[in-house]
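Each remark here refers to the structure printed beneath this line.
The values are calculated or read from the model by the stated rules, or taken from the named source; none is laboratory data. No experiment lies behind these values; they were computed from the predicted model shown. Note that each Cβ is placed from the backbone with ideal geometry, even for glycine, and that neighbours are counted across all protein chains shown. These accessible areas exclude ligands, DNA and RNA; they are computed on the full protein's heavy atoms, side chains included. Shrake-Rupley method; radii C 1.70, N 1.55, O 1.52, S 1.80 Å.
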Amino acid sequence: MLSTMPLELITEAEARTLLHPHLPALRACFENAWEDWRELEPALVRKAPQYRTTSRANVMYDLLSARLVDEFAEKPGVTFNTNAGFLALTFGGRLVVRFKKFRSKSLKVSQIMTLQQRRLARQELDLEMNATTVIAGYLLDTLGANLKKLAVVCPLNGENVWEIALDDAAGGLAELVMLPTPDSGRPKKPGVRSRRPQTKPQAEKE
């Protein structure tokens, strides 16, 4: 069911409150899924040395989904939402979190702009609750060898309204990062150096 008017966006303060107890677990799911991928990768490299990054992203998504199910299946206040046809976690009935790979340091994602994706971009997808849809994602370093950044972002019309970084600071909890409004430019974030080389997959077309 699609709404005709955008729902009221969740505030960054409310999102932070809802996610605060779960941020270490979310980070662990990403990190463990990445380690799962690193264990599988050598076999793929032997069979297909020039594998596409889309292949890696698809496998990583499946591994991450399995980790999320194990971690959050019985967590109070957290439910799985598949009403719109994608895996998501709903926190407190107000925050629907999707899981994606970020394509660049701007923390945007690649996707085919179907009608549903356009509705999501405008926060117009009715999930049968007064909820905001956000993206928890990962960004890889240039070589694709390490996780460079983990974050939760709130997208609106092609820009991110706010960002919560999944840092190790404060015992694994994140600091809320306010971003410029969508028409004021993109934020610039410092990078993290890769610590180990890896066979470089064939670049995907975006």
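Results, tabulated for the structure shown:
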read-out: Some residue of segment 28-36 being open to solvent by less than 40 Å² (accessible area, probe 1.4 Å), modelled with pLDDT under 95 and among the charged types (D, E, K, R); value: no
read-out: Criterion violated by residue 16 - all others in (1) open to solvent by 60 Å² or more (accessible area, probe 1.4 Å); (2) in contact with a Lys or Arg (Cβ under 7 Å, 6 or more places away or on another chain) satisfied; value: (2)
read-out: Options 88, 84, 73; residue that is farther than 20 Å from residue 156 by Cα and either open to solvent by less than 50 Å² (accessible area, probe 1.4 Å) or modelled with pLDDT of 90 or more (or both); value: 73
read-out: Test set (1) part of a loop (DSSP other than H, G, I, E, B); (2) open to solvent by 40 Å² or more (accessible area, probe 1.4 Å) - residue 107 fails condition number; value: (2)
read-out: Single condition residue 68 does not satisfy, out of (1) touching a Ser or Thr at 6+ places or on another chain (Cβ under 8 Å); (2) under 29 Å from residue 92 (Cα atoms); value: (1)
read-out: Long-range neighbours under 9 Å by Cβ, at least six apart or interchain, first residue over 10 Å from residue 150 (Cβ atoms) within segment 23-35, second open to solvent by 40 Å² or more (accessible area, probe 1.4 Å) and outside any helix (DSSP H, G or I); value: 25/75
read-out: Any hit, segment 53-71, residues being touching a strand residue (DSSP E or B) at 6+ places or on another chain (Cβ under 6 Å), touching a residue at least 40 places away in the same chain (Cβ under 8 Å) and in a helix (DSSP H, G or I); value: yes
read-out: Enumeration of residues in segment 38-52 that are open to solvent by less than 60 Å² (accessible area, probe 1.4 Å) and either outside any helix (DSSP H, G or I) or of a type in the set (Val, Ile, Thr) (or both); value: 45, 48, 51
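Let's see how each residue does on (1) closer than 23 Å to residue 33 by Cβ; (2) modelled with pLDDT of 85 or more:
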| residue | (1), (2) |
| --- | --- |
| 109 | yes, no |
| 113 | no, no |
| 118 | no, no |
| 143 | yes, yes |
| 151 | yes, yes |
| 154 | yes, yes |
| 159 | no, yes |
| 172 | yes, no |
| 176 | no, no |
